[in-house]
Amino acid sequence: RWSLPMAMSITHRGTGVALSMGVSLFGLAALLLPEQFPHYLALVKSLSLGPALIYSAKFALAFPLSYHTWNGIRHLV
């Protein structure tokens with residue numbers, strides 16, 4: 001039977017895996033891509049994405065980090 005602590009533990013592990021994969025892929029991209037970071041940042045800015053998509057992307061990056069951090073603190077306490 002599913003319980004809240006079990007679901008939180010599974011989500012904690014999932015966010016940990018996702019964060020480690022994201023950092024690894026970002027580091028690998030930094031090593032292998034031919035241009036420097038400002039070039040790719042300008043490329044994303046030139047797409048002129050709407051605010052809804054930008055805020056959704058920011059949330060998709062910030063939520064796993066904050067959830068994993070606060071759930072880890074909760075676990076340690």
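Some notes on this structure:
- Counted residues, segment 1-54 - those being within 25 Å of G72 (Cα to Cα) and part of a helix (DSSP H, G or I): 24
- Residue that is nearest to P5 (Cα to Cα), among those in segment 19-77 that are surrounded by 10 or more Cβ atoms within 10 Å (Cβ to Cβ) and hydroxyl-bearing (S, T, Y): Y67
Throughout, read-outs are computed from the coordinates displayed, never taken from laboratory work. All of these numbers come straight from a predicted model, not from anything done at the bench. Cβ: placed from backbone, ideal geometry, glycine included. Neighbour counts: every protein chain shown.
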